[in-house]
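Scroll down for the structure; my scribbles are underneath it.
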Amino acid sequence: MLAVRVNTEQAVIYRASARNHLASALAVQPGDPYSWQRMAMIDLADHELAAGDLLNSFITSPAEPRLLWARLPLAMLLWDELQKRDPEMLQTQLVMAWDNPQLAWETLRYLPHGPARLAEAVKGLPGIADEWLRVTKQPWPYAQ
């Protein structure tokens, strides 16, 4: 994945090759959420394109537990574009993540706006203020 972050000539070639292989795989099996998630990682330099890839991953398998944790950091990076396209899908993913609150917190706590976006998504859940304090060791950010 280092090739995704580096803009050397060789990295560009690796990204293009990986993108071509994934596009070929998706042409045969367009319902593969793992390939869509990987495509989003490759396309991360273009947020609009990457957001479309990530949404396809969400759509093809909205409740895949193993993918949830790989997709959440990408969703935080692509937040603005995803909010324009499908804010409900994003909300659903964050609420699903809170089914395992400790892992949700550890996954999102250091990402830009991660804690605030997680709190916003789960604020309607019963008993959330107490659970938030227990998991995050921080007071609930919304008035009771």
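Below is a table of values for the structure above.
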read-out	value
Matching option when the condition is assigned to a helix (DSSP H, G or I) and surrounded by 19 or more Cβ atoms within 10 Å (Cβ to Cβ), among R71, R66, R19	R71
Candidates L108, L103, L125 - the one that is aliphatic (A, V, I, L, M) and within 26 Å of A45 (Cα to Cα)	L108
Pair list, Cβ < 7 Å and 6+ apart or interchain, from segment 11-28 residues that are farther than 16 Å from S57 by Cα to residues that are assigned to a helix (DSSP H, G or I)	A11/A3; Y14/A3; R15/A3; R15/V4; R15/I42; A18/I42
Any pair with Cβ under 9 angstrom, 6 or more apart, that starts in segment 116-144 at a residue that is in contact (Cβ under 8 Å) with a residue 40 or more places away in the chain and ends at one that is surrounded by 10 or more Cβ atoms within 10 Å (Cβ to Cβ) and part of a loop (DSSP other than H, G, I, E, B)	R117/L111
Residue within segment 34-54 that is within 13 Å of the chain's Cα centre (by Cα), modelled with pLDDT under 95, surrounded by 11 or more Cβ atoms within 10 Å (Cβ to Cβ) and acidic (D, E) present	no
Which numbered condition D80 misses (of (1) surrounded by 15 or more Cβ atoms within 10 Å (Cβ to Cβ); (2) more than 11 Å from the chain's Cα centre (by Cα); (3) touching a residue at least 24 places away in the same chain (Cβ under 8 Å))	(1)
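The values are calculated or read from the model by the stated rules, or taken from the named source; none is laboratory data. As the structure is a computational prediction, the values presented were derived from the model and not from experiment. Virtual Cβ from ideal backbone geometry, glycine too; neighbours counted across all protein chains shown.
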